[in-house]
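The values are calculated or read from the model by the stated rules, or taken from the named source; none is laboratory data. All values reported here derive from a predicted model rather than from experimental measurement. Virtual Cβ from ideal backbone geometry, glycine too; neighbours counted across all protein chains shown. Note: areas computed on protein heavy atoms with side chains; ligands, DNA, RNA excluded. Shrake-Rupley method; radii C 1.70, N 1.55, O 1.52, S 1.80 Å.
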Amino acid sequence: MIFAIIIGMSLATMIPRVIPAFIVDKLQFREWVNRWLNAIPYAALGALIFPGVTTVKPDEPHIGLIGGIVAIILAYIGLNVILVVIGAIAAVFLLSI
Amino acid sequence: MVSDAVKKRKTSASLHMIQKGIATGFPIMLGYLPIAVTYGVLAKQSGMTLTELTLMSVMVFAGASQFMGANMIAVGAGAVEIIIATFVLNFRHFVMSLAFMNRLRTVELKWKIPLTLGLTDETFAVSALHPEESKKEKGAYFYAALILTAYLSWIFGSFLGGVLGEVIPERLSQSMGIALYAMFIGLLVPSVKKELRVGLIAIVAMLINTLCIQLGMSTGWAIVLGTVLGGMSGIYLLKEERP
């Protein structure tokens, strides 16, 4: 039963992912559509970050927010992504002690 | 002699791209490992076997939906329900894949297929911020190496979580929940520093996402709408960008 669920989940995930590989060659987008698609990465990052970041500790939304702010500061001063991740983990860990 | 030299140059170009891809994918690995371990622990607790939970990582490769799937299995939800919920939650990858493929038009189809199959929020975000590689020789190797780094660490982490079970203290694994968000922030901030309008696009998407959730929409659809409608602001905001 669980195997059937896994196969179903796999198809439900993989099919939407792979379709653009086949259709993109057949489509010629107008310039404004290209601008739309080029904005997708930034829009996706925005939508993935907030409000999700407030659910890191479901009952204490401020902890995730502070972790996020620490990440913003570390990234702003130009640290590598790896250090940003480690710094944010450390901040949340210290807050939850 | 000449063809030998050409071959050699091509091999070194591939090698260079692979190395660069692994290095660029390294932060994803760092973000994935703790999350994957947490998933492994959780999936084990919800009654999945080590084979099942690892196989799910191999075949689905989508963090949030795997957490959800393990949870729904634990509470005894039906297969159809779980599969539909997965589709809804992961439909955002269709939008991301379309944006990714539009940048990689010059890449051959035999590369496009595996690259889209390995597309997650994280591999997309990192790849999309390196569009220049797609125009270089052997550029596909760069994306393939990046995705493979992420994929293997996801599988390895899940397996490890299933084996370790409760060894990892809860407080530490919970703190690691911030890892992927921190990575998204770490990716977004440098782009915003370079081009402020990009930050505006992200904020519009955040607001739309928040609004959708307030209106009672599921997380999956809220992210899809936030991404698609938020991205629309780019039609105006990115006007001066050269193609």
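Details
- Between A:Ile73 and A:Leu94, the contour length at 0.36 nm per residue exceeds the Cα-Cα span by 5.9 nm.
- Within a Gaussian network of chain B (alpha carbon springs, distance under 10 Å), most fluctuating of B:Phe124, B:Phe87, B:Phe159: B:Phe87
- By average C-beta atoms within 10 angstrom, highest first, the peptides B:196-204, A:2-10, A:36-44, B:227-235: A:36-44, B:227-235, B:196-204, A:2-10
- Taking a ≥ b ≥ c as the square roots of the eigenvalues of the Cα gyration tensor, the protein assembly as shown is classed as rounded, since a/c falls below 1.5.
- Sequence-distant lysines (8 or more away, or on other chains) whose Cα lies within less than 27 Å of A:Lys26: B:Lys110, B:Lys112, B:Lys135, B:Lys136, B:Lys138, B:Lys239
- When accessible surface is computed with a 1.4 Å probe, chains A and B are found to bury approximately 7000 Å² between them, both chains counted.
- Relative contact order for chain B, counting Cα pairs under 8 Å that sit 6 or more residues apart, in percent: 32
- For B:Arg105 and B:Arg9, the FRET efficiency from 1/(1 + (r/R0)^6), where r spans their Cβ atoms and R0 equals 30 Å, is about 0.75.
- For chain B, the square roots a ≥ b ≥ c of the C-alpha gyration tensor eigenvalues yield an a/c of 1.5 or more together with a/b not exceeding b/c, which makes the shape oblate.
- Distance from the Cα centroid of the range B:117-147 to that of the range B:176-209 is 19 Å (rounded to whole angstrom).
- Tilt relative to chain A, helix A:31-49 - C-alpha long axis, 0 to 90 degrees, to 10: 40
- Chain B: most fluctuating residue of B:Leu180, B:Leu207, B:Leu104 per GNM, C-alpha cutoff 10 Å: B:Leu207
- Most fluctuating residue given options A:Ile19, A:Ile66, A:Ile77, as computed from a GNM of chain A linking Cα atoms under 10 Å: A:Ile19
- Among the residues of B:86-92, the average count of other protein chain beta-carbon atoms within 10 Å of the residue beta-carbon is 5.
- The simple Förster model, with R0 at 25 Å and r as the Cβ-Cβ distance, assigns A:Glu60 and B:Glu81 a FRET efficiency of 0.25.
- For chain A: relative contact order, % (alpha-carbon pairs under 8 angstrom, 6 or more apart): 16
- The mean count of C-beta atoms from other chains within 10 Å of the C-beta of residues in B:199-210, rounded to a whole number, is 6.
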